[in-house]
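Worksheet: the structure to be examined is printed underneath.
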Amino acid sequence: MTDRAQTATADLLDRRAFLNRLSLLLSGLIGLVLSVPILAYLLTPLLRRAPGVWLNIGTTDTFKVGETVQVAIEDPSPLPWAGETTRTAIWLRRDGQTDFTAFAVNCTHLACPVNWQAQAKIFLCPCHGGVFYGDGRVAAGPPPRPLPRYDVRVQGANVQVLTRRVPIGGD
Ligand code: FES
């Protein structure tokens, strides 16, 4: 094979390798562009904030002034596959005839459900010993923030809470 023929063969191989790499790069870019809408479709439900709704949780006469009770509610942001996990609860205290305070049950450390200790008037987290005062402020332990609250109102004879996404961790 002459020098000229060898050079032509080497050029052809270089061009072929270059075109192969270019083809792979373009295929990768096209795949990336096509995956964006698919990922957006899959991830959007996880990131969307559900609007709050006023939820009836009982009539005023079912709650005694000064008592703090647990009330079951539905998670306002159920995902299609959430099933039974959409059920949650709040701690509701009747402070006066028309005054109510509602706390999330989820500890602000790692979201374990807290328990109300009526004698001591504190919320106690069983997971890592977090303690909250009766007004939701942190008293002791690892929780970084007070217990989240729900807005509460009285409409006629009904007590209603404004639902929100279940507060977990940094919420
Ligand atoms: S989850 Fe409540 S203290 Fe850790």
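Bear in mind these aren't lab numbers, they're just calculated from the coordinates by the rules spelled out. All values reported here derive from a predicted model rather than from experimental measurement. Reconstructed Cβ throughout: ideal geometry from the backbone, glycine too, with neighbour counts over all protein chains shown.
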Residues with amide H under 5 Å of Arg149's amide H, sequence separation 5 or more or different chain, H placed in the peptide plane at 1.01 Å from N; which? Ala104
Check Cys112: other-chain or 5+ apart residues with amide H under 5 Å from its amide H, H built from backbone geometry? Cys107
So for the chain, taking the charge dipole from beta-carbon charges (+1 Lys/Arg, -1 Asp/Glu), which of Asn158, Phe18, Gly134 sits furthest toward the positive end? Phe18
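Let me have the 222 nm mean residue ellipticity of the chain computed from DSSP H runs of 4+ only, each contributing -39500 (n - 2.57), with the sum over all residues rounded to the nearest 500. If you can, show how the numbers build up before the last one.
Values: 1 runs with 45 residues, N = 171.
Taken over the chain, the calculation gives -10000 deg cm²/dmol.
Please report, in debye to the nearest 20, how large the charge dipole of region 101-171 is about its Cα centre when each Lys and Arg carries +1 at its beta carbon and each Asp and Glu carries -1 there. Don't jump to the answer; show the numbers that get you there.
Details: 7 positive and 3 negative charges, 18 e Å.
Magnitude of the dipole: close to 80 debye.
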Compute the acute angle (0 to 90°) between the alpha-carbon long axis of helix 3-47 and the principal axis of greatest extent of the alpha-carbon atoms of the chain; round to the nearest 10°. 10
Centre separation in Å (Cα based) which lies between region 1-71 and region 105-155: 37
Could you give each residue of region 132-145 its phi-based ³J(HN,Hα) in whole Hz, using Karplus coefficients 6.51, -1.76, 1.60 with θ = phi - 60°, and x for Gly or Pro? 10, 5, x, 8, x, 5, 6, 9, 6, x, x, x, x, 9
Might you report the magnitude of the Cβ-based charge dipole of the chain about its Cα centre, with Lys and Arg at +1 and Asp and Glu at -1, to the nearest 20 debye? 200
Karplus-derived HN-Hα couplings along region 107-124 (A = 6.51, B = -1.76, C = 1.60, θ = phi - 60°), whole Hz, x at Gly and Pro: 4, 7, 7, 10, 6, 5, x, 8, 10, 8, 9, 4, 5, 7, 6, 9, 9, 10
For Gly58, list long-range residues whose amide hydrogen, built 1.01 Å from N in the peptide plane, is under 5 Å from its own amide hydrogen. Val159
